[in-house]
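The values are calculated or read from the model by the stated rules, or taken from the named source; none is laboratory data. Remember, it's a predicted structure, so these values are computed and weren't measured experimentally. Here the Cβ positions follow ideal geometry from the backbone for every residue, glycine too, while neighbour counts run over all protein chains shown. Note: areas computed on protein heavy atoms with side chains; ligands, DNA, RNA excluded. Shrake-Rupley method; radii C 1.70, N 1.55, O 1.52, S 1.80 Å.
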Amino acid sequence: MSFCLDDGAKLLEGPAFADEPATAILPGSGVHASQRPVTIDNAPSTKSFDKRLLLAPLVLVVIVLVGFTAYRYLRSAGDEQIRSIAVLPFENRSGSADTDYLSEGLADSLIYRLSQLPDLKVSPTTSVMRYKGKESEPGKVAGELGVDAVMTGRLAQIGDNLNISVQLIDARTEKLIWAEQYDRKMSDLLATQREIAIAITQKLQLKLAKDERGITKNYTDNNEAYQHYLKGRFYWNKRTGENLRRAIEQFQAAADKDPNYALAYVGLADCYVLLPFYGTTLSQEVLTNAKAYANRALEIDSSLGEAHASLAYTNYMLWNWAEAEPGFKRAIELSPNYATGHKWYGNFLEDSGRLEESLQAFKKAQELDPLSLIIAENLAEQYILLGDLNSAYAQCTKVIELDPNFAGIRRASSLIRLKQGRNAEALAEAQKGVELSNRWSQLLANLGFIHARTGSRNEAVKLIRELEDLYSQKRANGHDIAAVYAGLADKDNAFVWLEKDFQNRISTMAAWVSFIHFESLREDPRMADLRRRMGLPPL
């Protein structure tokens with residue numbers, strides 16, 4: 001039903017009613033009605049007209065107004081459709097931390113399946129995990145995540161028996177949309193999560209994609225493989241070197257159980273591609289594996305946007321710039337709601353010097369995953385590069401409020417204060433990052449850089465020696481040491497260490513040479529030459 005006031009107004013723009021009768025030809029008379037008398041019983045005089053015609057404009061106005069009101073009502077009712085949802089980690093009622101992987105993994109699987117629906121925004125696992133073990137009101141959760149509905153659940157495993165209860169709540173009205181309890185065997189876990197996803201889709205009255213991909217699709221029929229996959233994602237989400245290696249073991253076990261389980265290979269690729277940030281191995285030792293596993297996933301299922309994102313990010317880390325960008329675009333096309341895909345594309349654009357495009361990619365990632373700490377950190381650093389310190393500070397404040405123990409954000413926070421000339425605060429923030437990270441090399445490098453820039457040369461040199469020791473243990477990179485030398489204005493030594501990373505093709509150096517630690521080197525011809533050899537444009 002559709003009405004338009006403009007169209008309705010035009011209906012009232014006809015000729016005005018006149019006091020004299022209209023001139024008409026009487027059939028067969030050859031004379032005008034005004035020239036020949038006509039007698040009709042009970043007919044009104046030709047000098048008057050039917051006064052009921054005065055009601056016509058009023059009737060038209062009423063029709064238009066009623067129609068417009070109905071249109072507005074129906075449109076408003078349509079706007080009440082649930083278009084976004086958060087699936088919270090299930091409450092573990094088993095009494096054992098050993099089954100945490102089930103409570104988190106089941107939610108993660110549902111998130112993945114529901115995110116395949118093009119008309120539904122689904123909060124990513126990184127955002128909803130903040131509510132694990134907390135009693136939060138659906139309305140509060142929905143407000144923080146920017147969603148219409150919240151699904152909560154409980155899970156209890158006793159031997160081989162599994163009890164799962166779920167409820168779906170419209171957070172805007174606090175009304176229960178749907179609730180169900182499932183009593184199943186552990187061997188039925190795979191089918192049960194598909195069943196729940198389909199039920200949610202039906203209750204939300206969402207249309208499935210034409211090929212029904214994601215919701216009803218069988219990624220594996222092997223329940224053991226599925227359980228290994230859940231454990232893999234459980235460890236991967238913890239983002240430490242040790243847990244990434246545990247995740248690799250689980251994803252590999254899943255692939256061994258089902259060699260055609262594409263998602264298991266995506267998991268393996270995601271682990272290996274992140275090890276250069278968290279592990280103790282050189283990039284080339286792990287990125288070859290990441291690329292092989294991403295390609296294997298795509299051989300099995302080329303429609304997996306996440307696999308395209310993993311391959312694109314691996315190519316980015318390998319400095320295969322020409323292959324990376326089409327891969328990111330294809331990933332986003334297939335999985336537009338995959339926040340990590342947008343975040344990784346933002347990293348690629350930043351290193352390529354396309355800062356405004358990078359900013360938009362990070363903003364889109366944050367829109368999809370508003371509570372992600374790493375995305376907020378990337379946004380803060382992007383704003384620093386663009387000179388918008390107020391926006392950068394706002395992102396840092398947001399992260400610290402969410403998790404004051406998140407070490408990474410202290411780097412951006414310290415650099416903001418350094419640029420503002422608040423040197424004591426800059427040092428305090430940098431030192432806090434080192435403490436929280438258990439002396440992670442990147443944050444040691446940042447502290448050394450700030451010591452160097454604020455005149456504490458002796459402290460900066462001490463940190464160089466510590467980083468050199470870590471470098472010998474493969475626990476630091478050359479660009480970590482180069483950053484401190486850059487802060488000391490020792491350009492020659494800075495380029496010596498950057499060259500070591502180039503020769504070893506250390507993937508993470510691309511991000512560092514684009515950041516503000518190396519601002520003082522940008523005009524040096526050696527930096528332009530280094531970026532040229534890496535395949536990057538000059539800054």
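Can you tell me which of 98, 108 is modelled with pLDDT of 85 or more, within 16 Å of residue 238 (Cα to Cα) and of a type outside the set (A, V, I, L, M)? If you could, list the steps in order and put the result at the bottom.
Values: 98 fails: modelled with pLDDT of 85 or more.
Step by step, each of 98, 108 is checked, and only 108 is modelled with pLDDT of 85 or more, within 16 Å of residue 238 (Cα to Cα) and of a type outside the set (A, V, I, L, M).
Based on what the data block shows, is residue 468 assigned to a helix (DSSP H, G or I), of a type in the set (Asp, Glu) and out of contact with any Pro (no Cβ under 6 Å at 6 or more places or on another chain)? Can you show your working first?
Details: assigned to a helix (DSSP H, G or I): yes; of a type in the set (Asp, Glu): yes; out of contact with any Pro (no Cβ under 6 Å at 6 or more places or on another chain): yes.
For residue 468, the condition - assigned to a helix (DSSP H, G or I), of a type in the set (Asp, Glu) and out of contact with any Pro (no Cβ under 6 Å at 6 or more places or on another chain) - is met.
Name the single residue that is farthest from residue 127 (Cα to Cα) among those in the range 333-359 being among the aliphatic types (A, V, I, L, M) and open to solvent by less than 40 Å² (accessible area, probe 1.4 Å). Full working, then the answer.
Start the filter on the range 333-359 by keeping residues that are among the aliphatic types (A, V, I, L, M), which leaves 334, 339, 349, 355, 359.
With open to solvent by less than 40 Å² (accessible area, probe 1.4 Å) added as a condition, the list becomes 334, 339, 349, 359.
Numbers: 334: 22, 339: 11, 349: 24, 359: 20 Å.
Checking each candidate, the answer is 349.
Could you please find all residues in the range 499-511 being open to solvent by less than 10 Å² (accessible area, probe 1.4 Å), outside any loop (DSSP other than H, G, I, E, B) and closer than 22 Å to residue 382 by Cβ? Walk me through how you get there before you give the answer.
Keep residues of the range 499-511 that are open to solvent by less than 10 Å² (accessible area, probe 1.4 Å), which gives 501, 506-510.
Checking which are outside any loop (DSSP other than H, G, I, E, B) leaves us with 501, 509-510.
Of everything in the range 499-511, those that are open to solvent by less than 10 Å² (accessible area, probe 1.4 Å), outside any loop (DSSP other than H, G, I, E, B) and closer than 22 Å to residue 382 by Cβ turn out to be 509, 510.
Consider residue 102 carefully, then state whether it is among the hydrophobic types (A, V, I, L, M, F, W, C), assigned to a loop (DSSP other than H, G, I, E, B), farther than 16 Å from residue 169 by Cβ and in contact with a Ser or Thr (Cβ under 9 Å, 6 or more places away or on another chain).
Values: among the hydrophobic types (A, V, I, L, M, F, W, C): yes; assigned to a loop (DSSP other than H, G, I, E, B): no; farther than 16 Å from residue 169 by Cβ: yes; in contact with a Ser or Thr (Cβ under 9 Å, 6 or more places away or on another chain): yes.
Answer is no for this residue.
In the range 349-401, which residues are of a type in the set (Gly, Ala, Ser) and on the phi < 0 side of the Ramachandran plot? Can you show your working first?
So in the range 349-401, the residues of a type in the set (Gly, Ala, Ser) come out as 352-353, 358, 361, 365, 372, 376, 380, 387, 391-392, 394.
Across the range 349-401, the qualifying residues are 352, 358, 361, 365, 372, 376, 380, 391, 392, 394.
Pairs needed: first member in the range 164-179, within 20 Å of residue 195 (Cα to Cα) and surrounded by fewer than 17 Cβ atoms within 10 Å (Cβ to Cβ); second member anywhere, among the hydroxyl-bearing types (Ser, Thr, Tyr) and modelled with pLDDT of 90 or more; C-beta distance under 7 Å; at least 6 residues apart or different chains.
Cβ pairs passing all conditions: 167/152.
Just to be sure, is residue 152 more than 24 Å from residue 263 (Cβ to Cβ), touching a residue at least 24 places away in the same chain (Cβ under 8 Å) and among the hydroxyl-bearing types (Ser, Thr, Tyr)? Even if it seems obvious, please write down each step before you answer.
Numbers: more than 24 Å from residue 263 (Cβ to Cβ): yes; touching a residue at least 24 places away in the same chain (Cβ under 8 Å): yes; among the hydroxyl-bearing types (Ser, Thr, Tyr): yes.
Yes.
Across the range 437-465, what is the number of residues that are part of a helix (DSSP H, G or I), modelled with pLDDT of 95 or more and open to solvent by less than 60 Å² (accessible area, probe 1.4 Å)? I'd like the intermediate steps shown before the answer.
Step one: filter the range 437-465 for residues part of a helix (DSSP H, G or I), giving 441-453, 457-465.
Still in the list and also modelled with pLDDT of 95 or more: 443-453, 457-465.
Those left that are additionally open to solvent by less than 60 Å² (accessible area, probe 1.4 Å): 443-452, 460-461, 463-464.
The total comes to 14.
Taking the conditions exactly as written (free of Cβ contacts under 8 Å to residues at least 40 places away in the same chain and touching a Pro at 6+ places or on another chain (Cβ under 9 Å)), does residue 527 satisfy them or not? Steps first, answer last, please.
Details: free of Cβ contacts under 8 Å to residues at least 40 places away in the same chain: yes; touching a Pro at 6+ places or on another chain (Cβ under 9 Å): yes.
Spelling it out, residue 527 is indeed free of Cβ contacts under 8 Å to residues at least 40 places away in the same chain and touching a Pro at 6+ places or on another chain (Cβ under 9 Å).
Looking at 130, 154, which one is open to solvent by 30 Å² or more (accessible area, probe 1.4 Å), part of a strand (DSSP E or B) and not β-branched (Val, Ile, Thr)? Before you say what the answer is, go through the steps one by one.
Details: 130 fails: part of a strand (DSSP E or B).
Selected residue: 154, the only one of 130, 154 that is open to solvent by 30 Å² or more (accessible area, probe 1.4 Å), part of a strand (DSSP E or B) and not β-branched (Val, Ile, Thr).
Tell me the residue from 429, 401 that is assigned to a helix (DSSP H, G or I) and open to solvent by 60 Å² or more (accessible area, probe 1.4 Å), please. Quick ask: steps written out before the conclusion?
Values: 429 fails: open to solvent by 60 Å² or more (accessible area, probe 1.4 Å).
It is 401.
Considering every residue within the range 374-397, establish whether at least one is assigned to a helix (DSSP H, G or I), surrounded by 18 or more Cβ atoms within 10 Å (Cβ to Cβ), under 17 Å from the mean Cα position of the chain (by Cα) and charged (D, E, K, R).
yes
Can you work out which of the residues in the range 241-284 that are outside any helix (DSSP H, G or I) and among the hydroxyl-bearing types (Ser, Thr, Tyr) is most open to solvent (accessible area, probe 1.4 Å)? Reasoning before the result, please.
Initial filter on the range 241-284 (outside any helix (DSSP H, G or I)): 258-261, 279-282.
Filter again for among the hydroxyl-bearing types (Ser, Thr, Tyr), leaving 261, 280-281.
Numbers: 261: 4, 280: 72, 281: 40 Å².
Filtering first and then ranking leaves 280.
Is it the case, given these coordinates, that residue 418 is in contact with a helix residue (DSSP H, G or I) (Cβ under 9 Å, 6 or more places away or on another chain) and either among the basic types (Lys, Arg) or open to solvent by less than 40 Å² (accessible area, probe 1.4 Å) (or both)?
On the way: in contact with a helix residue (DSSP H, G or I) (Cβ under 9 Å, 6 or more places away or on another chain): yes; either among the basic types (Lys, Arg) or open to solvent by less than 40 Å² (accessible area, probe 1.4 Å) (or both): yes.
It is true that residue 418 is in contact with a helix residue (DSSP H, G or I) (Cβ under 9 Å, 6 or more places away or on another chain) and either among the basic types (Lys, Arg) or open to solvent by less than 40 Å² (accessible area, probe 1.4 Å) (or both).
Quick one: how many residues across the range 299-323 are part of a loop (DSSP other than H, G, I, E, B) and either farther than 23 Å from residue 118 by Cα or in contact (Cβ under 8 Å) with a residue 24 or more places away in the chain (or both)? Steps first, please.
From the range 299-323, those part of a loop (DSSP other than H, G, I, E, B) are 301-304, 318-320; that's our starting set.
This time we only want the ones that are either farther than 23 Å from residue 118 by Cα or in contact (Cβ under 8 Å) with a residue 24 or more places away in the chain (or both), so: 301, 303-304, 318-320.
So the count comes out to 6.
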